[in-house]
Amino acid sequence: MDIEQLISEIASGNVVILLLAALIIFSILLGVRIVPQSEKHVVERFGRLRTVLGPGINFIVPFLDRVRHKISILERQLPNANQDAITTDNVLVQVETSVFYRILEPEKTVYRIRDVDGAIATTVAGIVRAEIGKMELDEVQSNRSQLISQIKASVEDAVDDWGIEVTRAEILDVNLDQATRDAMLQQLNAERARRAQVTEAEGERRAVELQADADLYAAEQAAKARRVTAEAEAYATEIVAKAIKEHGVEAAQYQVALKQVEALVKVGEGQGKQTVIVPANALDAFGDAFSMLRGGK
């Protein structure tokens, strides 16, 4: 064996070793799969489902296993959709919806449904029509949160076989045709007018009640005043009677004289210049009163 043949054999051996090393490295690269946190990979072997790779480092059999589908597990939003529905009171409404979902089991999604977004949109449209068909227009407007919950639950049941989770379902708007809007506006104006009339009537009734209360209070106070006056007069009469009983005719004459004096005082209380005519016996009345006072003392 000459030198050249030996070198040729060594070179051939090195090439084989290099090829084997390259094959091993390539196999390792094929067998190691690093999956991002936001994805799941579906692995097939000879066209059949082998496994699903989760986030992180995974190992598969090189040349036998193949990553067939890379599925994002991030939350997705369907485009806003409009669908017509008819309520139980025969009102046509147009509902704008929005749905958010994410894929939990990609092995179900890729092998059971082709167009995920289209399938979910069709399902949501049918469920929205069915749920609104069970309600009247007023219920649709006032119980929107309840309607959203019912739609979300129904959609979740429908898409469960596809390995999908519906995270949110929203009703963005409920639109009515122009004729229905005009009718509702007329009804709203009529209701406002009715409430205004009721408020005005309530105000008038309250005013009458307050006036009646005021009149009653005034009557009660007048009655109290008359009672007090009557009690005072009765008391004065009682005092006069007692005085007459105790002092005889002189006490009566004294009271008459006092009344005459009070009358003369009132006559003299007028404003401005005036002439006061005094009866001839007025001085006698003063004299009688003073003499009785001195006699009383």
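The values are calculated or read from the model by the stated rules, or taken from the named source; none is laboratory data. Worth saying up front: this structure is predicted, and the values here are computed from it rather than measured. Cβ atoms come from the backbone with ideal geometry, glycine included; neighbour counts cover every protein chain shown.
Filtered by the rule that a residue be of a type in the set (Gly, Ala, Ser) and more than 17 Å from the chain's Cα centre (by Cα), the stretch 121-148 gives Ala121, Ala125, Gly126, Ala130, Gly133.
Does Val61 count as farther than 24 Å from Ala121 by Cα, outside the structural domain of Thr109 (by TED's automatic domain parsing) and assigned to a strand (DSSP E or B)? No; evaluated as a whole, the condition is false for this residue.
Summed over the stretch 54-89, the residues that are at positive phi and at pLDDT 90 or above give a count of 1. Kindly indicate whether any position in the stretch 161-183 is under 30 Å from Ile103 (Cα atoms), touching a Leu at 6+ places or on another chain (Cβ under 6 Å) and assigned by TED's automatic domain parsing to the domain that holds Val95. Yes, the stretch 161-183 contains at least one residue that is under 30 Å from Ile103 (Cα atoms), touching a Leu at 6+ places or on another chain (Cβ under 6 Å) and assigned by TED's automatic domain parsing to the domain that holds Val95.
Could you tell me whether Val99 is more than 30 Å from Gly31 (Cα to Cα), surrounded by 14 or more Cβ atoms within 10 Å (Cβ to Cβ) and outside the structural domain of Phe46 (by TED's automatic domain parsing)?
Values: more than 30 Å from Gly31 (Cα to Cα): yes; surrounded by 14 or more Cβ atoms within 10 Å (Cβ to Cβ): yes; outside the structural domain of Phe46 (by TED's automatic domain parsing): yes.
Against the criterion (more than 30 Å from Gly31 (Cα to Cα), surrounded by 14 or more Cβ atoms within 10 Å (Cβ to Cβ) and outside the structural domain of Phe46 (by TED's automatic domain parsing)), Val99 qualifies.
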